[in-house]
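A quick write-up on the structure given underneath.
The values are calculated or read from the model by the stated rules, or taken from the named source; none is laboratory data. Keep in mind the model is a prediction, meaning the values are calculated, not measured. When we count neighbours, we look across all protein chains shown, and the Cβ atoms used for this are built from the backbone with ideal geometry, even at glycine. The area values use the complete protein model at the heavy-atom level, side chains included, leaving out ligands, DNA and RNA. Shrake-Rupley method; radii C 1.70, N 1.55, O 1.52, S 1.80 Å.
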Amino acid sequence: MNTKSYKSHIDRNNLPQHIAIIMDGNGRWAKERGCDRLVGHQNGVVSVRKITEAATEIGIKYLTLYTFSTENWNRPQAEVDALMELLVENIVKETPTFHQNNIRLLAIGDLKRMPAHVAARLQQCIDETSVNTGLSLVLALSYSARWELTDAMQHLAQQVKDGTLQPEQITEQTISATLTTAGIPDPDLLIRTSGEVRISNFLLWQIAYSELYFTPTHWPDFREEELYKAIVDYQHRERRFGKTSEQITGK
Ligand code: IPE
Ligand code: IPE
Ligand code: MG
């Protein structure tokens, strides 16, 4: 199939509302080319731009990108610094395009740990694009699911202690609403690039019923065609949510 054919196979009435992506393999992509890891990250940014454009164009409502994990703070300082600079530089560069394409930027994660100038520029872009009603682009930054769940539990425990919440009032809905993803629907499709078959502390609560898609393609090579292919694959699955196939199809 060529690019056009994958895209033309997408059923526009059965689109995943929310796609989440673990963007992995920048380092290996660079190493294979004898380049510095940073070159991989720079080319990964191009994929971010292409995938965001493609998602917007086909009408995806939420795109969450695992951009920097809690565990990534343990990388060599030079790489962490380079990633932070790349982030701030691209937020500045892309803000006009976000407006042009009606994209709203959101961020989830322990943003308090971000360098002040990065956090400030990020917040500025979030505020400026908050009026946009097209794609919500969610960057997971200094994010990990265990951090998020721990933070939420502390928050709920405090409310119980203060007497504003009864333990029996803690429901799945209360928990969802206490996470950093409050208000964002759970991902329908979770993609991980670069061949690793693991979740790496991403959205553990939210992916309870997501369809998982793993591809060996490194993130800098993951472009529109790969996204269309993943969507077509997703659309061939039967989401049963515990029910029987007969209940779902009515046959
Ligand atoms: C993903 O690529 C980018 C981040 C995690 C920030 P990696 O940098 O993890 O690339 P590999 O896994 O070393 O190839
Ligand atoms: C996951 O990638 C985090 C992001 C994509 C931001 P890693 O490359 O950090 O994952 P592990 O540690 O190899 O599982
Ligand atoms: Mg990796």
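Details
- TYR234 open to solvent by 10 Å² or more (accessible area, probe 1.4 Å), touching a Leu at 6+ places or on another chain (Cβ under 9 Å), away from ligand 3 (no atom under 16 Å from the Cβ) and modelled with pLDDT of 95 or more: yes
- Those residues of region 60-104 which are away from ligand 1 (no atom under 16 Å from the Cβ) and out of contact with any helix residue (DSSP H, G or I) (no Cβ under 6 Å at 6 or more places or on another chain), in sequence order: ILE60, LYS61, TYR62, VAL92, LYS93, GLU94, PRO96, THR97, HIS99, GLN100, ASN102, ILE103
- Screening region 189-229 for residues that are touching a helix residue (DSSP H, G or I) at 6+ places or on another chain (Cβ under 7 Å) and more than 27 Å from GLY40 (Cβ to Cβ) and picking the one that is nearest to ligand 2 (Cβ to nearest atom) gives TRP205.
- LEU87 being outside any helix (DSSP H, G or I) and within 16 Å of the chain's Cα centre (by Cα): no
- Matching entry among GLY34, GLY40 (being modelled with pLDDT of 95 or more and in a helix (DSSP H, G or I)): GLY40
- Matching entry among PHE214, PHE202, PHE241 (being of a type in the set (A, V, I, L, M, F, W, C) and open to solvent by less than 50 Å² (accessible area, probe 1.4 Å)): PHE202
- Residue within region 99-121 that is touching a Ser or Thr at 6+ places or on another chain (Cβ under 6 Å), assigned to a helix (DSSP H, G or I) and either open to solvent by less than 20 Å² (accessible area, probe 1.4 Å) or in contact (Cβ under 8 Å) with a residue 40 or more places away in the chain (or both) present: yes
Table: residues versus (1) more than 21 Å from GLU224 (Cβ to Cβ); (2) of a type in the set (S, T, N, Q); (3) within 15 Å of ligand 2 (Cβ to nearest atom); (4) free of Cβ contacts under 8 Å to residues at least 24 places away in the same chain.
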position: SER8; (1), (2), (3), (4): no, yes, no, yes
position: MET23; (1), (2), (3), (4): no, no, yes, no
position: TRP29; (1), (2), (3), (4): no, no, yes, no
position: CYS35; (1), (2), (3), (4): yes, no, no, yes
position: THR67; (1), (2), (3), (4): no, yes, yes, no
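Each row is one residue, and each column tells you yes or no for (1) of a type in the set (S, T, N, Q); (2) more than 16 Å from ligand 1 (Cβ to nearest atom); (3) open to solvent by less than 20 Å² (accessible area, probe 1.4 Å).
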| residue | (1), (2), (3) |
| --- | --- |
| LYS7 | no, yes, no |
| ARG12 | no, yes, no |
| GLN17 | yes, yes, no |
| ALA20 | no, no, yes |
| MET23 | no, no, no |
| ASN26 | yes, no, no |
| ALA30 | no, no, yes |
| ASP36 | no, no, no |
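- For region 179-199, residues that are within 13 Å of the chain's Cα centre (by Cα) and within 10 Å of ligand 1 (Cβ to nearest atom) total 1.
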